[in-house]
Amino acid sequence: MSRQNPLLSIDVVGLSLRLGKRVRSARAARAMTMKQLAAGANISLPYLSRVEKGDGNISLAVLHKLAMALNLPADSLLADDERYGADYALIVELLKRQPPLQLREIRKRLVAHLASPQTSHTTPRRIALVGMRGAGKSTVGALVAKRLNVPFVELNAEVEKEAGLSLNEIFSIYGQAGFRRLERRCLDHVVATCPEVVIATGGGIVVEPATYELLLHSFFNIWLHADPEEHFRRVMAQHDVRIATPQLHEEAMANIVDALNARRKLYALAHAHIDTTHEQVEDLVEKIRLIVDEHISTGRPAVNAAA
């Protein structure tokens, strides 16, 4: 009777645990419940639970289903790239968008300028507000656009117009992957048609590396954030049945905390950060105006603009 190589067993266990962690993190970042992901991947809830715990004995077919439901490349669920941080995935997506013949030149330039100070290449008056639902992006964004005399775009509203459906209907019919494709299409349109704009993005846009790389490259990004309790209060006030049903307050709060923790490092890649927890809307608008003015004049705003 042959004996299993113990080193191979350790590798498989480690791979299963890493896969479970990546699936769990990707689900949390998209504010998806286990039930929603199981339905999207067409697998049972108990099986998904085992996968997330690292003991699901997952097949290639199930791996593919999970990746499709999460709108991620299947290999990203297995890759051991977390040690490189959020920038790694964004750099990879940036390189993927380049023509093959340009990659050698890009490599030469990276080597030549690796030690050079970073400079901003974003359009000063093309501003993107990122952050969780309830951070104030829509309310503040519209007022900032008015103050700067530029158009205001709410990306989720553009997605609804593009699809001719509400967000809930889009997720119900097309799932997470379908929504993300529509979101990217609408963002591409804004980039192509709006040299000056303030855009309020959906909270989960940062979990799509290719889309977020485009956002960071094309806009001056400001992360509006608040304490989890404040996010919860604001979301409840908006009657968001997706994650804040009154009958499920405890679960809703846990979802907000999990999503925020999963996205925090990605949000932190924004060019400036503002804590909105105890701020009045008028004060936030003025803070953003000052940050934009500083960016225009120096190109190097303070990253943390919290009071």
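Each reported figure results from applying straightforward, stated rules to the coordinates on display, with no laboratory input. Model, not experiment: these values are computed from the prediction. Here Cβ is always computed from backbone atoms with ideal geometry, including for glycine, and neighbour counts include all displayed protein chains.
Data for the structure
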quantity	calculated
³J(HN,Hα) computed for each position of region 98-110 - Karplus, 6.51 cos²θ - 1.76 cosθ + 1.60, integer Hz, glycine/proline x	8, x, x, 5, 8, 5, 5, 5, 4, 4, 4, 5, 4
Which of Thr201, Thr33 has the fewest Cβ neighbours within 10 Å, and the rest in rising order	Thr33, Thr201
Net length gained if the chain between Ser297 and Glu105 were fully extended (0.36 nm per residue, minus Cα distance)	66.0 nm
For region 6-77: relative contact order, % (alpha-carbon pairs under 8 angstrom, 6 or more apart)	35 percent
Listed residues Val281, Thr193, Ile127: farthest to the positive end of the dipole of region 126-298 (Cβ charges)	Thr193
Cα shape, region 126-298, gyration tensor, a/c 1.5 rule	oblate
Reachable lysines from Lys287, criterion Cα separation under 29 angstrom, eight or more residues apart if same chain	Lys137, Lys146, Lys265
Inter-probe distance in nm under a simple model that places probes 7 Å from Cα toward Cβ, at Ser44 and Glu286	6.1 nm
Total formal charge among the other residues, if their Cβ is under 13 angstrom from that of Arg289, Lys/Arg +1 and Asp/Glu -1	-1
Qualifying GluC sites (Glu not before Pro) for region 122-196 [loop in DSSP, other Cβ within 10 Å: at most 15]	Glu196
R0 of 30 Å, Cβ-Cβ distance Thr139-Arg181: FRET efficiency to nearest 0.05	0.60
Ala192 versus Glu250: modelled label distance in nm, points set 7 Å from Cα along the beta carbon direction	5.0 nm
Cβ-Cβ FRET estimate between Leu17 and Leu95, R0 fixed at 22 Å, reported to 0.05	0.15
